[in-house]
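Novice: Could you have a look at this structure, given as structure tokens, before my questions?
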Amino acid sequence: MSEIDKAGEIFDPEIHSTKSDGTPSITKSGYFRKRRRDSKGPQEPRPASAAGKAEADRQASYVKSVAGVLQPFAAVWSMVDPVDGYCASELVGPWAGVFGELAMEYPQVAAAIEKAAVVGPLTGVVGLGALTLAQFGHNHGLIPENIARMVGARSRTEIEKILAQRGAQMAAEAEEWRRFAEEERRRAEAKAAEDESDDDVVQADGGEHGYAAAV
């Protein structure tokens, strides 16, 4: 006898889901639970197609390009107002993601991003300029340390410690070379004295033999 649910639908094992014992699986409302499409057993994850991967890679490149253009400007903004700069930096990712999606839908957006990527090195110049300005501005007390650090600059205290360490290292190396040179000088003097002594002995021996031969 065929199973019928509350709606009068006849059970079909090709359409409806079953329990582990093979009986129909029924919802709390009394209806047969439908199988998920293509559900014939445990589902294996399907590998992404080559076309799908290419699309994903293209969208990721758009996102990266937009982020690369926006980030340096957020860094410059942080020197004007740290709070606004922080907010701008936090929004770079979301905006880059949105433009990446738009580029996949609208060729005009994709073309604009590709043009921006071509002039991408110019944004690197902006970023480097911001770093240079922040570093020297902080060195001379014009830019606070927290703002300078936001664009990658080092604090003056940190730089002074580095210079002190390098100075100590250079002094130690100079002292080591001085000791080495002094040791070499002493060895050379000792060798010269030894050679001179050997010459005196040879000359003395030669004089005695000459006197004996004359006699």
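The values are calculated or read from the model by the stated rules, or taken from the named source; none is laboratory data. Since the structure is predicted, the reported quantities are computational estimates derived from the model, not experimental observations. Every residue, glycine among them, receives a Cβ derived from its backbone with ideal geometry; neighbour counts consider all protein chains shown. Accessible surface is based on the protein model in full, side chains and every heavy atom, while ligands, DNA and RNA are left aside. Shrake-Rupley method; radii C 1.70, N 1.55, O 1.52, S 1.80 Å.
Novice: Residue check: is Ile143 in a helix (DSSP H, G or I), under 28 Å from Ala75 (Cβ atoms) and aliphatic (A, V, I, L, M)?
Specialist: So Ile143 fails the test.
Novice: Name the pairs: first residue in segment 173-200 and open to solvent by 90 Å² or more (accessible area, probe 1.4 Å), second residue at pLDDT below 90, Cβ to Cβ under 9 Å, at least 6 apart or on different chains?
Specialist: none
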